[in-house]
Structures are given as structure tokens and as C-alpha cells.
Amino acid sequence: IDVWNVDLWRGWLEEQGTAVAGLGPSAQAAGALAGLAGLVVIGFATGVVRTVLRDWGFTLTRSARGFRRQRGLLTRTDVMMPVHRVQGLVIGTGVVRNRFGWRSLRFVSLAQDAESESHVVAPFAKDAEIASIVAAARFHLPGADTPWQRASGRYRTDRMIGMGLACLILASALALWAPFGLFLIPIGLGVVGAAINLYVWEFRRIAIDAAQVFATTGWLSPTTRIVTRLKLHSVEIVQGPLARMRGYATLHCGLAGGT
């Protein structure tokens, strides 16, 4: 088999396409679902392998000079991170990891870690472990008395309306060309998307205390960002036409090495 032979691949694709076209709608749908399931399994396995190779033997040490991180199975890395160079923190998780209480902690600094703006200092950690590292980095986590505020309700409403209009336009186009009531699919997706957007809005929050700025986003995989107020380098206010008309804005806080 010549893997660079374009005619060979084209012939195989045409043969499989003819076979799939000869199947019924139910078999085609089942085949599509099986293909998606296969992609999910392959992606999950690939992620596990990459994680094992990257974080094998992970060790984080606190010394007088700062934090020292060592990790890697095939390629061993040893990184020093001075405490006073830490600009901010990013606490994140994944859809699956969040169900088991696992978090990741990253330091935002001027130095980059594997083409990223952050240094991973805890790839898999519980809340108590995260809290100890945060305290050692001279930050503090939000508490029960943190004055949280949600994003603008007008922003939430505009997103829901925009999502609904987009789904209605798609449904109208499908109603003209697609049979079997397929135009109902985008309408259903629009309703579900609007409901999810309304619920996710509850988790988009910001807070400012005497020393730090906090921001949280996400529902299934929440992310918390923390920065010391004294280390903010810039503030950018962004307003589109609709935002100017409706009276809200997006605020970006710039750090040395991240946002």
C-alpha cells in the first residue's frame, strides 16, 4: 500500500461512501454515533498517555528561592519559580475531574511553560492541597465573605436573544430545503442553549477585596482566576455597538505574562 497514493485513498472513500449511502437512515445515524464514540475514546486515551508522559514523577518543592517543579517520564524538566514573580493564579478542572474533586493550579508569570502563559504547579490536587500552595505563594482564596457580583443581566439577555435569532434563521433555511422536519432540530437546540446560557450566567462572577481580584467562569468545568491588585499592569474596556447601546462593557485586566 502506497500511503501517498491519492487515487488509492479516493477509491476507498468512494467505495465506503457508496456502501453508507445504501444503508437506511437508522443505520447511517448509528454509524455516525459509533464514529463519534470512537473519536471520544481515542481522544481520551491520547490525553491519558500525554498526561502520564508529561507529569510522571511530579514533585513540587518550596524552598527559600521559591518553588521548584520536577516532572516528566521521557523528558525530565526542572523549573524554578521565584515567589515574587508570580503575577496571578488560575485554578481549573475538567468535566470528569470536577466530579471527583480534582483541581489544577497554575502560576501566571513572565516566563512561559511549554508555550503557555502559566506554570502548572499542581496538575491533580484536592482543595486542601490547592489552599496550601496558594498560601505559600502569598495569595488567598475567596472566602464566605467575598463580595461576589454576577455579570450584567443585560449581557445575559442579549446572548439569549442572539442565540435564539441564529437558531430561527437556521431553522428557516432548513425548512425550505430539508425534509422530515429537520428544521425543528435548531429550534430545540436554541431552546436548550438559551436555558444553559441562563444557568451558566449564575456561575460567571467577579469580586474585589482589599488585596486581590477574583473571577470565576464555567459550570461543568469551573475556572477561578486570582490576581493581586498591585500587580495589575493594564485595564482594557471593550464595548461593541450593542454593548454601548445597552450600557455594559467587558473589562480585561492585563498582567505581566497573562490576562
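A few points about this structure:
- Projecting label points 7 angstrom from Cα along Cα→Cβ for residue 204 and residue 7 puts them 5.5 nm apart.
- One chain, two ends: residue 233 and residue 29. Fully extended at 0.36 nm per residue, the span grows by 68.2 nm beyond their Cα-Cα distance.
- Carbon/sulfur fraction of accessible area - the chain, other protein chains in place, 1.4 Å, %: 65 percent
- The largest accessible area among 102, 4 belongs to the first residue in 4, 102, and the rest follow in falling order (1.4 Å probe, all chains).
- Among complete DSSP H helices in the chain, those whose alpha-carbon atoms stretch at least 27 Å along the helix's long axis and whose mean Kyte-Doolittle hydropathy reaches 0.5 are 25-55, 153-177.
- Percent RCO, i.e. relative contact order, over the range 43-85, from Cα pairs under 8 Å lying at least 6 residues apart: 30 percent
- Full-stretch length increase - residue 75, residue 189 - with 0.36 nm per residue and alpha-carbon distance subtracted: 36.6 nm
The values are calculated or read from the model by the stated rules, or taken from the named source; none is laboratory data. This is a predicted model, so every value here is computed, not measured. As a convention, Cβ positions derive from the backbone with ideal geometry for all residues, glycine included, and neighbour counts pool all protein chains shown. When the accessible area is computed, the model is the full protein with side chains, heavy atoms only, and any ligands, DNA or RNA have been set aside. Shrake-Rupley method; radii C 1.70, N 1.55, O 1.52, S 1.80 Å.
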